[in-house]
Each structure stands twice: as C-alpha cells, then as structure tokens.
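K.L.:
Mind having a look at this structure? Questions to follow.
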Amino acid sequence: MQLRDLKTASRGEVSAAVAHSRREFLRAAAGVSAGSLFSFAPRVLRASALRPEPKAVVVTFGGGARDEETFAPEGQENIPNLVQMLFPQSTFFAQVVNKGILGHYVATASLATGVYETFNNFAAVSPHNPTVFEYFRKDLHRRANDAWVVAPSNGFNRIGESDHRAYGAGLGAGVILPKHLLASSMSAGATGYDHLLRDSYEAPFYTPELAGNEVEMQKLKDLLKLSVDDFSAHARSLASPDELSVYIARRLMREVAPSMLWITLHDIDIAHSGTYSMYVEGIRRSDRLCAEIWKAIESEPEYAGRTTMFILPDFGRDSDTDPGGNGFQHHRTGDPLSRTTWMMALGPGIRKGVVIDRPVESIDLVPTLGSLLGFQPRFAQGKALPEIA
Amino acid sequence: MSAMVPAQLTPESFHRYPPQGQKLCVEHLDLLRELPLILLPLLLREAIEYDWRFPAERSELDLQLAYLAGLSNTQRESVLDGFSHLTLSAEVAKSNWIETPSVFIEQLTTHLWATQQMDGFRAAAQAYAAAWQAANPQQQLEMQRLGIVVVGQGVAATDYPLFRKLRPKGVFFTRVSAPDGLRTLLASVSARASAHPLPFGHWYIDGGVAESIGSSVTTVSYAGLEPARTALLNRMQGVIESGSSGPEALRTLLAQVKPQDVGLPSDTDAAVLSHFQLSLLTEGSGTQIFSTTFAQWAAREALRRAQPATVLVRFAPRQRQQPMNELLSGKHSSNELDPEGSLIDADMAAYYTWLNQQRLAGADQAAFLAWFEDHNQVIAIGPSLPHGTVSSAPATLEQILTWIF
C-alpha cells in the first residue's frame, strides 16, 4: 500500500505503510545493506560483568513530527543528523503506536509510567502510576540526584514523581524547567518575554499552577555550579527554549552525571500556531540537538560507552488528508498518522542500522528501560522490547 | 442537577435559540428525542447557530435532519449503532447540552480521550457520515469551482522549491508574464461573481490589506479585522491576568463573545459574515497573531462551510518570530516581518487550500491556480491539464486562466 492510499486504509494498514515508508527511506538514505535490516532476534548478549553501571538518556519530542517532514524522502533534508549520523548506530523502531491521549503532558507522563495516563492534559497533577524514575530509584536504591528531568514548562513540573501510594513522595526525579528558571532569573520588572516563556503551544494562553519537585534557581546554582548571571548570559546566546534545555542537560551531565536523564524537547510544537516554516525549523533544531546530546554522551567520561539513548516523539500529528484536522498544525483527530511514530535506540549492545517494523507501543519504553537498567516496573502495562532489552 | 435525556425535550427547551434555529428544532422535535445523546449536541451546535450559518450549511443541516427523519427506527438504529456503544460519564451527561452544546462537546471530547473511546467515536462518526453521504450525493455546482492562491508578497528572490506538493497535480509554468497579475486575478474573480451571483459563493481573502474587488465578492482580510483582533486579545488577556484562567475558562469566554463585543457589525445583513469572522479568531489557533495562519484558516473554513464556487486567497508577510536571544537582548520589534518564512507558510497553505477544495462536490472538474506574486511561476491544475508537467513556454496569467478549465 502506498501512503497516498491511506485515506481508505484501515488503521493497521496505515501504521504498516508508515513503517514500510520509513524503512525503505532509511535503507536508501543511510546506505545500510538489506541483509542487516528487518531482523528480529534478541539483542547480542553483553558482557555485563565487565561493564560499568549502565545509564540511560531519553529524549522525547513534546510536539510530534510527521513522516512528510522527517523520515519520508521529502523530509530527509530536515533530519540529516538523525538519518546520517544516528540511525546507522541505532536500532530503529519504525512503528511505535500511542493509543493514549494525544496531549503532550499526559502523553509524556504515559511514556514515563508505561501506562496510558488519563488525567486532564492541562491539569497540574502528578501521574497516577509510578514513573520510571521511581522504579529506578526505589528498586536500585539510588540517590535523589541520580534521576533528572529537563522539560518544557507546560505542566511538566509534576512529571518526575507520581501520586502512587507505593512510590511517590521522595522517590522521583528532580525536574528542571529551564524556561521558568529563565523567568525567575530575569530582573524584577522585566517584561516582553511572554511569548518566549509561554507555557504551552497547545493552549497558548494557559499558565499552569506550579507546584511539584521543580528545582529553583538557588538550588540549581548549588547543583550545577551555575550563577544566575552566568545562566542568564548563556541564555542570551541561545536561539530557542530547547537549546536552553539541552544546555541545562549537558550541565547536569557534567556536574551531576545522573544515571537516568530524561529530556523533553518542545520547539516543534510551535506548529500549533499554524506556521509551517517554524514547525520545520523546530524539527531541524531538534535533529541538531539530538546529535549534540549524543556527542555529549560519547565525550563525557561518566557516560561514554555505558549509556543507552532513546529518541522518540510522544506521538505524531494529523495527516493532511484527514478532513477533521488541519494537517501538521494539530494532533486532534486521533487518526492513525497522529498515533504512529518511531523510536531510535543507540548505545552499547544495541545493534546498529537495524529497522524493526513490527508494531510496538510507546508504553513499551519503561519496561525496556527496566530490563536494561535492572529494575521492575511492576505497574507498567507495556512490554520490554526483546530487540534491545 | 440531574441529567436531561433527549426524550425529555420539549418545544420550550429551545426558547433561547435564535428564531430560525428554534423553529428548525421544534419542527424536528420528534426526531431529536430519538437521537443518541452523543450525537444530538453535534446537531444542536449547528442548530443554535442556524440563523448565522451560510446557505450551504443550512441546506446540509436541513437535509441531514430530513434524512434521519426518513429512516425507520431499525434503519436509524443501524446507522447510529456506533454511537450507542459509547459511554458517557454522569458529569458530562449533566452538562447543559441544549443551551451550550459547544461546551458539552468540549467535555465529551475530553471524556472520549480519557476513556480511550476516541477511536470508537471516529469510527461511529465515519460510518454515519458514509451512510448519510451515500443517501445524499453532493449537489453539483452549475459552474466549475476555481481556487486561486497568491503567495510570496514581498519576496524578491528565493531558492525555496515552490509548489512541490502541487506540481504532481498539474502544470508548473516557469515563464509566466504577469505585469498586473493581482489585478488580473481579482478581475477574474469579480467577473465570475457577476456572471454567477451566489450568496457567499465567491470569496476574496487577504492576509494583509484587501484590494478593491466589488460587493459581489465576500471579502475578509487580516488588516480589516485588526480592531476585532485587538479587542479579543485584550479580553483574553484580562481573563488570564485575573489569575483564574485555564483552558476551559478561556474557551468558555471565547464561546460567549458576540460580534458586537469586538466591534463587528451585528445587523441582519452583516450578521452571517460577522459571526464567521469572529469564529476565525475564536476557534482558529494562531489566527490572532500570524497573518499567514489567518489566511490559511480563513480559506479552509470558507471552503468547508460556505462551499463557494470561487476563492482567491492572497498571503501577506506575517510578523517575524524573534529567537530567544533577540528577545532577551531587548532588540526585538513586534512589527518586523518575515517574508521568506511567510512564503514557506503560504506554499504549504496553497496545498491545503487545494486539498480543501477537492473535498467539495465537483472536485474532478475543479480548477486551481497558485501564483508566486510578481514572479513568473504558476502551478495550474484543471480537468484539461496534464499532471506532473513543467512548461517553460512563455504564457500569461490570462491564458492560463482560460486553459485551466
């Protein structure tokens, strides 16, 4: 089935066609031989006894990107780093389906719990199921600074820790919201930054209540050895909030070296404003930042050779052909393309240049992380992916 | 308050509806009482706005109600079967779906997502739409539709590959002479409107300041709505600054705004267009801020709702989005424009306008043209033109307008 036939296809056919398209494109673009593709076998056993404790870095795009602008042939120009630099080193899941609510906070929370969370996307609430950070810290007896989240500020202040009674308080990850830090670092009375610091592209005029285990500026200063002046000065040299997030993440890696680091990028979601050029610009920036994060992993002694990185959008965006939507602008229709996305995994022991096109679910991430790092996500509903875990 | 069910509807239930909408509902009361609660508010959302809907929308609602009324109980149950399998929460069911169907639909949407019933709802809606469309084939227009999109105002030169998505559909002309191109296109639209006068049948949408085109063409412009946009943004800002805002509060606010509240005329003759223009600003995302988004969404909504025979959309440069470093350095200016980014926005919007035109009756006979303003590139799509062809032969816009049908 060709992508042009999607309008009349079933949901499963659409997802399969998308996976096929990505697979064919990657094979052509990256020059990987057919023989190395489409294999389905457990990953190569690692000599774990000789390895240091593993770490994981998860990068999500809170603002899905469609095939047309990424892994379809015409989107190739927007993701040169993902295609040419990262894919050849990765196992690529070409059909990752999100069956939950397509709102960024609740969807990212679902990624982090392994359960399709059902709370109001715009509510300032914690996930109801234990997060990956709680499983990681409780099962492995890790200190608080060993799990961190760097996220946009649209409600993500509570994503580090659930309200589950068996986990919850004190067991989660610290959360850094760089845009809020930036706002608090500005001199009193400074105005004109509303557009930059707004909290959500999905509901641009919504300002969520902030309460949770979000890190404040003073704590950050101690943690990252970063003065308010240095932070503000560096922010002035960066073009976007996602660049600021990656700057903070790199600083965390250098100064704290958490074993579990979760970074949610959000620039792509400018698509909700309806400006196609800005949406594509967000994709290109995310592509560049993913490469930057991977380079940091490879160059930081605490991370090099022991870190698995996952890259995945939280979900897709509406297709051009669904009359209920407006193409790239939103993710409201729940059509198959808005639910179908991809995931890239790379690191030690991960097979390189492999495309897995069987359908998997976005909630499979947490069990996979559990298998890789050695904790039991007992309430997660997804399944560990045998191709990498 | 206990939940009201459709069977409890009476003529008085619609006493707050505008006159024509009220009359419509009372006339179809027996039918409305029989419909599933999940579907009924979707129809009432149209009925409560009936007095300000376009002729095409009124006709569709009339036909839809007549279709449902004409089915036997068994047939209706079969057509609407998918809706009967969906469940509602008590809280949503208690919502005032008669007087505020839009609020009910917002709550229903949230509920369907949270309970993983959205796919079921989509399937039910698609099955119903398919059955209704099979029984009511779209009416053919007496004239072929024409869509025109003008992109690139203010761009002197670009290496952006224009019309990539549209080129496979028609002929890409690369040597078009159009010394007075905009005037040519406006005259073409005006002539069609004069030859085939239709209420809301011919549209001109401008992302900047509208050119003169005559009263027979419905005209909407971003610049013309500047006072309304400002008034609306001030209202929204007021709610935000009150500290009690959330998305729901803002949506409720926007649903309650009336044209006269933001300075749009509300007299009988202007009411339909004023309500449409207001909806562009209250229901569109980004339309209040970016002119390219406004023009694209206005064209989409005009095509979807009014189903016009002619649409001319002209894009203008939108304001530039300042990067973070410029904002922080205080060097930003809210009036700075981004012609090159706007060209890319408009290029995609041209494709979307074509897609939306193709969703209407007579798509196989429809004509479409997009022009890079003040340049010599045109993509032309029509029943007599080949697909995926490039023509480097000299041509004029006037010639292409004749070849296109």
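The values are calculated or read from the model by the stated rules, or taken from the named source; none is laboratory data. Everything numeric in this text was worked out from a predicted model, so none of it was measured. Don't worry about glycine lacking a Cβ; one is built from the backbone with ideal geometry, like all the others, and counts go over all protein chains shown. Side chains are part of the model used for accessible areas, which takes the heavy atoms of the whole protein and leaves out ligands, DNA and RNA. Shrake-Rupley method; radii C 1.70, N 1.55, O 1.52, S 1.80 Å.
K.L.:
Here are some residues: B:L225, B:L233, B:L166, B:L162. Which one is crowded, with 19+ Cβ neighbours inside 10 Å, farther than 30 Å from A:A72 by Cβ and of a type in the set (A, V, I, L, M)?
P.N.:
Exactly one residue qualifies, and that residue is B:L225.
K.L.:
Counting only residues that are under 16 Å from B:P55 (Cα atoms) and either at the interface with chain A (Cβ under 10 Å from one of its Cβ atoms) or in a helix (DSSP H, G or I) (or both), which one in region B:288-316 is farthest from the chain's Cα centre (by Cα)?
P.N.:
Filtering region B:288-316 for residues under 16 Å from B:P55 (Cα atoms) gives B:301-310.
Filter once more, so that each one left must be either at the interface with chain A (Cβ under 10 Å from one of its Cβ atoms) or in a helix (DSSP H, G or I) (or both): B:301-306.
Working: B:E301: 1, B:A302: 5, B:L303: 6, B:R304: 5, B:R305: 6, B:A306: 8 Å.
Only one residue tops the list, namely B:A306.
K.L.:
Going through A:N129, A:N121 one at a time, which residue ends up being more than 13 Å from chain B (Cβ to nearest Cβ) and open to solvent by 10 Å² or more (accessible area, probe 1.4 Å)?
P.N.:
Of A:N129, A:N121, the one residue that is more than 13 Å from chain B (Cβ to nearest Cβ) and open to solvent by 10 Å² or more (accessible area, probe 1.4 Å) is A:N129.
Residues are listed down the side, and each one gets a yes or a no for (1) open to solvent by 30 Å² or more (accessible area, probe 1.4 Å); (2) more than 25 Å from B:A7 (Cα to Cα); (3) of a type in the set (D, E, K, R); (4) modelled with pLDDT of 90 or more:
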residue	(1), (2), (3), (4)
B:S59	yes, yes, no, yes
B:L68	no, no, no, yes
B:L80	no, no, no, yes
B:V92	no, no, no, yes
B:Q117	no, no, no, yes
B:F121	yes, no, no, yes
B:A127	yes, no, no, yes
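K.L.:
Something else about it: Mind listing just one residue for me: the one in region A:335-363 that is surrounded by 23 or more Cβ atoms within 10 Å (Cβ to Cβ) and either part of a loop (DSSP other than H, G, I, E, B) or acidic (D, E) (or both) and, of those, farthest from the other protein chains (Cβ to nearest Cβ)?
P.N.:
A:G347
K.L.:
Let me ask something else. Just the residues that are open to solvent by 30 Å² or more (accessible area, probe 1.4 Å) and away from every other protein chain (no Cβ under 14 Å), please, taken from region B:133-150.
P.N.:
Matches in region B:133-150: B:A134, B:A135, B:N136, B:P137, B:Q139, B:Q140, B:L141, B:E142, B:Q144.
K.L.:
If we keep just the residues of region A:90-118 that are modelled with pLDDT under 95 and at the interface with chain B (Cβ under 8 Å from one of its Cβ atoms), which is farthest from A:I356 (Cα to Cα)?
P.N.:
A:T118
K.L.:
List pairs: first in region B:117-131 and without any contact (Cβ under 8 Å) to a residue 12 or more places away in the chain, second open to solvent by less than 40 Å² (accessible area, probe 1.4 Å) and not hydrophobic (A, V, I, L, M, F, W, C), Cβ under 8 Å, 6+ apart or cross-chain?
P.N.:
B:M118/A:G334; B:D119/A:G334; B:R122/A:T333; B:R122/A:G334; B:R122/A:D335
K.L.:
When you look at B:A393, is it open to solvent by less than 40 Å² (accessible area, probe 1.4 Å) and either over 21 Å from B:Q307 (Cα atoms) or within 24 Å of the chain's Cα centre (by Cα) (or both), yes or no?
P.N.:
So B:A393 fails the test.
K.L.:
Taking the condition within 22 Å of B:Q144 (Cβ to Cβ) and crowded, with 20+ Cβ neighbours inside 10 Å, does B:V176 pass?
P.N.:
yes
K.L.:
For region A:164-202, what are the residues that are at pLDDT 85 or above, of a type outside the set (A, V, I, L, M), under 24 Å from the mean Cα position of the chain (by Cα) and part of a loop (DSSP other than H, G, I, E, B)?
P.N.:
Passing the criteria: A:H164, A:Y167, A:G170, A:G172.
K.L.:
Taking region B:95-112, which residues are polar (S, T, N, Q), surrounded by fewer than 19 Cβ atoms within 10 Å (Cβ to Cβ) and not in a helix (DSSP H, G or I)?
P.N.:
B:N96
K.L.:
Separate question: When you scan region B:35-47, do you find a residue that is over 25 Å from B:W113 (Cβ atoms) and modelled with pLDDT of 95 or more, even just one?
P.N.:
yes
K.L.:
Counting only residues that are at pLDDT below 85, under 21 Å from the mean Cα position of the chain (by Cα) and more than 14 Å from every other protein chain (Cβ to nearest Cβ), which one in region B:241-275 is most open to solvent (accessible area, probe 1.4 Å)?
P.N.:
Step by step, filter region B:241-275, then rank; the result is B:D269.
K.L.:
Failed condition for B:F405, given (1) open to solvent by less than 20 Å² (accessible area, probe 1.4 Å); (2) hydrophobic (A, V, I, L, M, F, W, C); (3) part of a loop (DSSP other than H, G, I, E, B), with all others met?
P.N.:
(1)
K.L.:
Just give me the residues in region B:113-130 being within 9 Å of chain A (Cβ to nearest Cβ) and part of a helix (DSSP H, G or I), in sequence order.
P.N.:
Passing the criteria: B:W113, B:A114, B:M118, B:D119, B:F121, B:R122, B:A125.
K.L.:
Hey, any hits in region A:233-247 for a residue that's assigned to a helix (DSSP H, G or I), surrounded by fewer than 22 Cβ atoms within 10 Å (Cβ to Cβ) and without any contact (Cβ under 8 Å) to a residue 12 or more places away in the chain?
P.N.:
yes
K.L.:
Restricting attention to region A:267-307, and to residues there that are open to solvent by less than 10 Å² (accessible area, probe 1.4 Å) and outside any helix (DSSP H, G or I), which single residue is nearest to the other protein chains (Cβ to nearest Cβ)?
P.N.:
A:T275
K.L.:
For region A:72-82, name all the residues that are away from every other protein chain (no Cβ under 14 Å) and over 17 Å from the mean Cα position of the chain (by Cα).
P.N.:
The one that is away from every other protein chain (no Cβ under 14 Å) and over 17 Å from the mean Cα position of the chain (by Cα): A:P80.
K.L.:
Collect the residues in region B:358-390 that are more than 12 Å from chain A (Cβ to nearest Cβ) and under 20 Å from the mean Cα position of the chain (by Cα), keeping them in residue-number order. Break it down into steps so the answer makes sense when it comes.
P.N.:
Of all residues in region B:358-390, those more than 12 Å from chain A (Cβ to nearest Cβ) come to B:361-390.
B:A361, B:G362, B:A363, B:A366, B:A367, B:F368, B:L369, B:A370, listed by residue number.
K.L.:
Quick check, is B:A346 open to solvent by less than 40 Å² (accessible area, probe 1.4 Å), within 14 Å of chain A (Cβ to nearest Cβ), not β-branched (V, I, T) and not in a loop (DSSP other than H, G, I, E, B)?
P.N.:
The answer is yes for B:A346.
K.L.:
Okay, moving on. Yes or no: B:E326 within 10 Å of chain A (Cβ to nearest Cβ), more than 30 Å from B:S59 (Cβ to Cβ) and not hydrophobic (A, V, I, L, M, F, W, C)?
P.N.:
yes
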